[in-house]
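K.L.:
Here it is, the structure, as structure tokens.
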Amino acid sequence: MKTERMMTGRGLQGFAWVLTTLAMALTSTGCGDECVDDFDCRDLGAAPAGQRYTCAENKCELTSIPVPDAGTETDAGTTTDAGATTDAGTGSDAGTTTDAGTGADAGTTTDAGTETDAGTTTDAGTETDAGTETDAGTTTDAGTETDAGTDPCETTTYDPKLGTLQLQSGFVAGESASLPAAAGPVGVTPGPTYSLYTVVSGSSTGPHALYSLGTWPQVSLGTAQLFDVAAPADRAAGTKLFLSPFVETDGQRVLTGYTKSGAGFPGSVGVYDVSAPANSTYVSAPSNFSAGVVPGAFLINGGGLDTVSAGLAVYALKTDSSPFTALKVGTLPPETGGSGFTAVATNGVAMLGYFSDDTFLNEGRAVAPAAITEALRSGTPFVVADAPALDVGSNFVAASGHGEGVSVLRGDYVPPDYNFAGTDVSRFAFTVTDEGATVTVGARQPVLVYADQCTRVTGMTAIGVDLLVGVDDKNGPRLVRIQQAPQFR
């Protein structure tokens, strides 16, 4: 499992907008296998309290997590240190054998077995060493106090918008809106009126549908579906689909996607026509993982598109002609082990990503707008590795355009369960020169920093020049608009 996604259609609990791992374009599992090890079971999200997902016979199953420090094991005061065996005063030191006091040492004084050495006081198993005090399993180490698993997230202080996330210098939190629990990934039109769309999915077997989320900041789930995300051939009862973690829109069309188990992870992208729904269509797109919008086209990071099949690469679905045409526009480097993330800045720079088998991290490159335009015109792909790299400094599991730059969600997977733990959302500014041919990537600038894991980022998407962040904690899921402070624009 190389890449990560968040809310992909079963709501915040079942998916995450880019944050639940999926091996769509990767080679992690065999055809039809759900898993090959515990690491693969992260697609199922967080397990219930006290349990974890394990891989057994290529299926993910729930198992209980043992709690050795709960006061019922070695340190519980019921075994060796409990005062009922060797040290209990009933064996060689008990005063009933050789040293029992039947002669000169009659056993009525210190050595008789009735005082200090008798097993009825300090050494007797009824005091400090007896298993009824600090070492007994009834206080700090017993599983009822500090070590008992009390959730600090229940008592911490939450900001109404950002929860426990800490906003960094140079940014301000604008409007926020509650996000319906059923919502999956969110897409936003270019504006100036920002219409929102989302994918809703009941389970891996559907139904899977595109819905309106209203107009920012009046967010509400539409009453009727707009579009069936599944292509007609994939709507049979019981068909399992892995929804892709993106909803992209150019204002006229909305792009969604999914894959299935099988060789090459077959799948499709759906293109919903906002003004003429009857013109909506589906295009074959194996291993599609991420997408972005550039003038006249959707960029798709995956394993092929329509009749164009060239393995993991960056493809384009050109929408400026009818019918749409597909072509390969970007070649990924040889160390690519899986699909990566796509995010487009307002100055036309596209951050195109891949999972590296050399670094075992998601990597991102800033491809110049002139290179993209030329590839769309000529059909000759650019080389992604020739573009400047983003110095992320860690793994990242989400990316979005953010004004004239992009923001990424940094963090990594933490053993033993390999759940994702975020550290921060950081922005990289892009400067374009030479008539769009050259890009300079700025230094990483933190936007939101995790103080703990009580509030998590569930997704990011661009809203004009700003960043729309999905967050979730005990106060429920919501969207928050993050803006650059005026003096930094």
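K.L.:
Got a number for residues in segment 274-309 being of a type in the set (Ser, Thr, Tyr) and in contact with a helix residue (DSSP H, G or I) (Cβ under 9 Å, 6 or more places away or on another chain)?
P.N.:
Residues that pass the stated criteria total 1.
K.L.:
Given Ala173, Ala236, which one is over 19 Å from Val274 (Cα atoms), of a type in the set (Gly, Ala, Ser) and not in a loop (DSSP other than H, G, I, E, B)?
P.N.:
Ala173
K.L.:
Of (1) farther than 21 Å from Glu404 by Cα; (2) touching a residue at least 40 places away in the same chain (Cβ under 8 Å); (3) open to solvent by less than 50 Å² (accessible area, probe 1.4 Å); (4) under 26 Å from the mean Cα position of the chain (by Cα), Ala285 satisfies all except one. Which?
P.N.:
Exception for Ala285: condition (2).
K.L.:
If you check Ala181 against the conditions, is it in contact with a Gly (Cβ under 6 Å, 6 or more places away or on another chain), open to solvent by 30 Å² or more (accessible area, probe 1.4 Å) and among the aliphatic types (A, V, I, L, M)?
P.N.:
In short, yes.
K.L.:
Kindly indicate the residue of segment 432-441 that is touching a residue at least 12 places away in the same chain (Cβ under 8 Å) and at negative phi and also surrounded by the most Cβ atoms within 10 Å (Cβ to Cβ) among those meeting that condition.
P.N.:
So, considering only residues that are touching a residue at least 12 places away in the same chain (Cβ under 8 Å) and at negative phi, the one surrounded by the most Cβ atoms within 10 Å (Cβ to Cβ) is Val439.
K.L.:
Within segment 411-431, can you find the residues that are modelled with pLDDT of 95 or more, among the hydrophobic types (A, V, I, L, M, F, W, C) and open to solvent by 10 Å² or more (accessible area, probe 1.4 Å)?
P.N.:
Of everything in segment 411-431, those that are modelled with pLDDT of 95 or more, among the hydrophobic types (A, V, I, L, M, F, W, C) and open to solvent by 10 Å² or more (accessible area, probe 1.4 Å) turn out to be Ala421, Ala429.
K.L.:
Also, quick follow-up: Going by what's in this entry, would Thr114 be described as closer than 29 Å to Asp452 by Cβ, at pLDDT below 50 and open to solvent by 50 Å² or more (accessible area, probe 1.4 Å)?
P.N.:
Criteria not met by Thr114.
K.L.:
Further question on the same structure: Mind checking whether some residue in segment 372-390 is within 21 Å of the chain's Cα centre (by Cα) and at pLDDT 95 or above?
P.N.:
Yes, segment 372-390 contains at least one residue that is within 21 Å of the chain's Cα centre (by Cα) and at pLDDT 95 or above.
K.L.:
Could I ask something else about it? For the condition modelled with pLDDT under 95, assigned to a strand (DSSP E or B) and within 28 Å of Thr189 (Cβ to Cβ), what is the one hit in Ser321, Ser339?
P.N.:
So the residue among Ser321, Ser339 that is modelled with pLDDT under 95, assigned to a strand (DSSP E or B) and within 28 Å of Thr189 (Cβ to Cβ) is Ser339.
K.L.:
Out of all the residues in segment 291-312, is one or more over 26 Å from Ala398 (Cα atoms) and aliphatic (A, V, I, L, M)?
P.N.:
Checked segment 291-312: at least one residue is over 26 Å from Ala398 (Cα atoms) and aliphatic (A, V, I, L, M).
K.L.:
Of everything in segment 254-281 that's of a type in the set (Phe, Trp, Tyr) and in a strand (DSSP E or B), which residue is surrounded by the fewest Cβ atoms within 10 Å (Cβ to Cβ)? Outline the logic, then answer.
P.N.:
We begin by selecting, within segment 254-281, every residue of a type in the set (Phe, Trp, Tyr); these are 258, 265, 272.
Cutting the leftovers down to in a strand (DSSP E or B) gives us 258, 272.
Working: Tyr258: 29, Tyr272: 22.
Only one residue fits best here, namely Tyr272.
K.L.:
Could you grab me the full set of residues in segment 161-170 that are open to solvent by 40 Å² or more (accessible area, probe 1.4 Å) and in a loop (DSSP other than H, G, I, E, B)? Walk me through how you get there before you give the answer.
P.N.:
At the first step, the residues of segment 161-170 found to be open to solvent by 40 Å² or more (accessible area, probe 1.4 Å) are 161, 166-169.
Result: Lys161, Gln168, Ser169.
K.L.:
Next up: Could you please find all residues in segment 331-367 being open to solvent by 10 Å² or more (accessible area, probe 1.4 Å), polar (S, T, N, Q) and within 16 Å of Gly304 (Cα to Cα)?
P.N.:
If the condition is that a residue be open to solvent by 10 Å² or more (accessible area, probe 1.4 Å), polar (S, T, N, Q) and within 16 Å of Gly304 (Cα to Cα), then Thr331, Thr336, Thr342 are the ones that fit.
K.L.:
Hey, another quick one. Would you confirm whether any residue within segment 185-202 is assigned to a loop (DSSP other than H, G, I, E, B), open to solvent by 40 Å² or more (accessible area, probe 1.4 Å), β-branched (Val, Ile, Thr) and closer than 28 Å to Thr223 by Cβ?
P.N.:
Scanning segment 185-202, I find at least one residue that is assigned to a loop (DSSP other than H, G, I, E, B), open to solvent by 40 Å² or more (accessible area, probe 1.4 Å), β-branched (Val, Ile, Thr) and closer than 28 Å to Thr223 by Cβ, so the answer is yes.
K.L.:
If you don't mind, another one. Find all pairs meeting these conditions: Cβ atoms under 7 angstrom apart; at least six residues apart or on different chains; first residue within segment 293-310 and at positive phi and in a loop (DSSP other than H, G, I, E, B); second residue of a type outside the set (Asp, Glu) and open to solvent by 10 Å² or more (accessible area, probe 1.4 Å).
P.N.:
Gly296/Lys318; Gly296/Thr319; Gly296/Leu376; Gly304/Pro286; Gly304/Ala310; Asp306/Val283; Asp306/Ser284; Asp306/Ala326
K.L.:
Let me ask something additional. Need a quick list: strands (runs of 3 or more DSSP E) entirely within segment 364-449 having at least 1 residues that are within 25 Å of Asp159 (Cα to Cα) and of a type in the set (D, E, K, R).
P.N.:
Qualifying strands (runs of 3 or more DSSP E): 405-414, 419-433.
K.L.:
When you go through Val408, Val397, Val449, Val383 one by one, which is the residue that is closer than 30 Å to Lys318 by Cβ, in contact (Cβ under 8 Å) with a residue 40 or more places away in the chain and open to solvent by 10 Å² or more (accessible area, probe 1.4 Å)?
P.N.:
Result of the check over Val408, Val397, Val449, Val383: Val383.
K.L.:
Let me ask another. Scan Ser275, Ser280 and give me the residue that is in contact with a strand residue (DSSP E or B) (Cβ under 6 Å, 6 or more places away or on another chain) and polar (S, T, N, Q). So that I can check it myself, show each step before the final result.
P.N.:
Details: Ser275 fails: in contact with a strand residue (DSSP E or B) (Cβ under 6 Å, 6 or more places away or on another chain).
Matching residue, one of Ser275, Ser280: Ser280.
The values are calculated or read from the model by the stated rules, or taken from the named source; none is laboratory data. A quick note: this is a predicted structure, and the numbers were derived from the prediction, not measured. In this analysis, Cβ positions are derived from the backbone assuming ideal geometry, glycine residues included, and neighbour counts consider all displayed protein chains. Note: accessible area is taken over every heavy atom of the protein model, side chains too, but ligands, DNA and RNA are not part of it. Shrake-Rupley method; radii C 1.70, N 1.55, O 1.52, S 1.80 Å.
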